[in-house]
1. Which of the following residues is surrounded by fewer than 19 Cβ atoms within 10 Å (Cβ to Cβ), touching a residue at least 12 places away in the same chain (Cβ under 8 Å) and of a type in the set (Val, Ile, Thr): Val64, Val57, Val89, Val135?
2. Would you point out the residue of the stretch 40-54, among those that are of a type in the set (D, E, K, R) and buried (at least 16 other Cβ atoms within 10 Å of the Cβ), that is farthest from Ser87 (Cα to Cα)?
3. Select from the stretch 1-23 the residues that are part of a loop (DSSP other than H, G, I, E, B) and either under 16 Å from Asp123 (Cβ atoms) or modelled with pLDDT under 95 (or both) and list them in ascending order.
4. Quick one: Met69 ticks every box in (1) touching a residue at least 24 places away in the same chain (Cβ under 8 Å); (2) surrounded by 14 or more Cβ atoms within 10 Å (Cβ to Cβ); (3) of a type in the set (A, V, I, L, M) bar one, so which box is it?
5. Give me the pairs: first residue in the stretch 9-34 and farther than 17 Å from Gly49 by Cβ and basic (Lys, Arg), second residue outside any helix (DSSP H, G or I) and modelled with pLDDT of 95 or more, beta-carbon distance under 6 Å, and six or more apart or on different chains, which are they?
6. Lys117 - would you say it is surrounded by fewer than 17 Cβ atoms within 10 Å (Cβ to Cβ), free of Cβ contacts under 8 Å to residues at least 60 places away in the same chain and not small (Gly, Ala, Ser)?
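The values are calculated or read from the model by the stated rules, or taken from the named source; none is laboratory data. Just so you know, these numbers come straight off a predicted model, no measurement behind them. A quick note on method: Cβ atoms are made from the backbone with ideal geometry, for glycine too, and the neighbour counts reach across all protein chains shown.
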Amino acid sequence: MSTDRWKSFDLMQIPINLVMVVEDDADSAEVLRAILERKGFKVRIAKEGGQAQATFVMQKPDFVILDLMLPGESGYEICERLKHTDSTVPILVVSAIDLPDSRTLAQRVGADGYVTKPYDPEDLLAQMQSVAKNVWERNHSTPDPSLISIRFNCVCGKKFKVSSMHYGKAITCPHCGEPILVPKS
């Protein structure tokens, strides 16, 4: 690849400093490390789920690149666990598996993007940029007010959970029949 192609790639305005690569194949991991370090990223390599979890918690990466075929637990399991730990960190699956079911499962467990091996380094970096931007926008956008819910109790003890579109409105408790004004926050 020409150096001009690398220079023309403007990595995002979204700050990514540390990238964790979860890859058990040493050669693949080193290729990824070289690509990323050439673009100025710091890289940490994890070879399996335990190392990935420890690195994720202790190093707090800004981005994760995750293989699916790993020793012990699968990349799907690792992805789900990492997303439960911190859903704001983008996870890009990079795998040799190119099946629709694999892509669907990866998305269901929290993966934010999917690239198949072999990949063009420039395409991988472009996908990283797109994934990081989408995750950042999802985490920093104003939520749809109708999706926000509020919890409150009636004087009789009945618990309620309603969407914000009901703020300030009166409802009737089905348990005791008392009218209740839905709080605004």
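1. Numbers: Val64 fails: surrounded by fewer than 19 Cβ atoms within 10 Å (Cβ to Cβ); Val89 fails: surrounded by fewer than 19 Cβ atoms within 10 Å (Cβ to Cβ); Val135 fails: surrounded by fewer than 19 Cβ atoms within 10 Å (Cβ to Cβ).
One residue alone meets the criteria, Val57.
2. Lys47
3. Of the stretch 1-23, the ones part of a loop (DSSP other than H, G, I, E, B) are 1-2, 9-17, 23.
Listed by number, the residues that qualify are Met1, Ser2, Phe9, Asp10, Leu11, Met12, Gln13, Ile14, Pro15, Ile16, Asn17.
4. (2)
5. These pairs meet every condition: Arg33/Val43.
6. Against the criterion (surrounded by fewer than 17 Cβ atoms within 10 Å (Cβ to Cβ), free of Cβ contacts under 8 Å to residues at least 60 places away in the same chain and not small (Gly, Ala, Ser)), Lys117 does not qualify.
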